[in-house]
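Have a look at the structure below before the remarks.
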């Protein structure tokens, strides 16, 4: 069965510092991996995805994520956090060899302090 | 339209009533998903449509929940005999199949359902 774990309910970081939001997954086949962000009073927005190819994926707003097959991880990173990055971040996985269901993690709330 | 739209934005109903939620996907998007997001929780997959067929209904929580889609257009999620535990935000997303945007889901603003 597919599953996604976001081990941190909340991440606090100072503006200008690097940030990492963690995600690990479990699928039986090859994964499609995604990060989405939910800003207050706004809908979910796509940030980036890994389908195949380079393990380091670059996305919107300066975010990037690294696919690590051996550790089954897909951590979201940004070199320098902004206050405006404060939001709820969701990691998601789909097993592209076994159906269409996309499983979302429980979400990690990121607080960036000025 | 430019994005995914959902209606109504808010729905308050009494326990035992039926409700119908509507989703208008991005034009040309073959794939359509419904999710449920309870307060403070992540997204719970409900159903996936490819065109007007639903090859994955595995997330529908009970037979009170059903969904249909007309062609590659509007979808409706119906909840019969609503219960208080059905209170949540119901999100719809659409995506294209094939090309660089494949599997990228574009979400609507959601319908907030409150069952009294």
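Can you confirm whether residue B:35 is within 9 Å of chain A (Cβ to nearest Cβ), at pLDDT 95 or above and either in contact with a strand residue (DSSP E or B) (Cβ under 8 Å, 6 or more places away or on another chain) or in a strand (DSSP E or B) (or both)?
The answer is yes for residue B:35.
Could you please find all residues in segment A:95-114 being within 14 Å of chain B (Cβ to nearest Cβ), in contact with a strand residue (DSSP E or B) (Cβ under 6 Å, 6 or more places away or on another chain) and either modelled with pLDDT of 90 or more or on the phi < 0 side of the Ramachandran plot (or both)?
Of everything in segment A:95-114, those that are within 14 Å of chain B (Cβ to nearest Cβ), in contact with a strand residue (DSSP E or B) (Cβ under 6 Å, 6 or more places away or on another chain) and either modelled with pLDDT of 90 or more or on the phi < 0 side of the Ramachandran plot (or both) turn out to be A:96, A:100, A:101, A:102, A:103, A:104, A:105, A:107, A:108, A:109.
Yes or no, residue by residue, for (1) surrounded by fewer than 20 Cβ atoms within 10 Å (Cβ to Cβ); (2) within 24 Å of residue B:107 (Cβ to Cβ):
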{"position": "A:27", "(1), (2)": "no, yes"}
{"position": "A:30", "(1), (2)": "yes, no"}
{"position": "A:35", "(1), (2)": "no, yes"}
{"position": "A:40", "(1), (2)": "yes, yes"}
{"position": "A:49", "(1), (2)": "no, yes"}
{"position": "A:59", "(1), (2)": "yes, yes"}
{"position": "A:67", "(1), (2)": "no, yes"}
{"position": "A:73", "(1), (2)": "yes, no"}
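From B:101, B:66, B:95, grab the single residue that is at pLDDT 90 or above and within 14 Å of another protein chain (Cβ to nearest Cβ). Spell out how you get there, then give the answer.
Working: B:101 fails: at pLDDT 90 or above; B:66 fails: within 14 Å of another protein chain (Cβ to nearest Cβ).
Result: B:95 is the single residue among B:101, B:66, B:95 that is at pLDDT 90 or above and within 14 Å of another protein chain (Cβ to nearest Cβ).
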(message) Among the residues that make up segment A:85-94, is at least one of them modelled with pLDDT under 95, at positive phi and within 14 Å of chain B (Cβ to nearest Cβ)?
(response) no
(message) Being surrounded by 13 or more Cβ atoms within 10 Å (Cβ to Cβ), within 11 Å of another protein chain (Cβ to nearest Cβ) and within 25 Å of residue A:88 (Cα to Cα) is the requirement here; does residue B:87 meet it?
(response) no
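Just to check your reading of the model, which residue among B:71, B:16, B:28, B:40 is under 24 Å from residue A:6 (Cβ atoms) and out of contact with any strand residue (DSSP E or B) (no Cβ under 8 Å at 6 or more places or on another chain)? Walk me through it before giving the result.
Working: B:71 fails: under 24 Å from residue A:6 (Cβ atoms); B:16 fails: under 24 Å from residue A:6 (Cβ atoms); B:28 fails: under 24 Å from residue A:6 (Cβ atoms).
None of the others qualify; the one that does is B:40.
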(request) Kindly indicate which of A:22, A:78 is more than 14 Å from chain B (Cβ to nearest Cβ) and surrounded by 21 or more Cβ atoms within 10 Å (Cβ to Cβ). (result) A:78
(request) Report yes if residue B:75 is under 17 Å from residue B:28 (Cβ atoms), under 15 Å from the mean Cα position of the chain (by Cα), surrounded by 14 or more Cβ atoms within 10 Å (Cβ to Cβ) and within 12 Å of chain A (Cβ to nearest Cβ), otherwise no. (result) no
(request) Could you list, in sequence order, all residues of segment B:1-13 that are in contact with a strand residue (DSSP E or B) (Cβ under 6 Å, 6 or more places away or on another chain) and more than 19 Å from residue B:83 (Cα to Cα)? (result) B:4, B:5, B:6, B:7
(message) Just checking, does segment B:43-57 include any residue being part of a loop (DSSP other than H, G, I, E, B), modelled with pLDDT under 95, within 14 Å of chain A (Cβ to nearest Cβ) and under 21 Å from residue A:47 (Cα atoms)?
(response) no
(request) Would you be able to tell me the number of residues in segment A:47-64 that are outside any loop (DSSP other than H, G, I, E, B), over 23 Å from residue B:3 (Cβ atoms) and within 12 Å of another protein chain (Cβ to nearest Cβ)? (result) 1
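The values are calculated or read from the model by the stated rules, or taken from the named source; none is laboratory data. All figures in this text were calculated on a predicted structure; none of them were measured in a lab. FYI the Cβ positions are ideal-geometry reconstructions off the backbone, even for glycines, and counts take in every protein chain you see.
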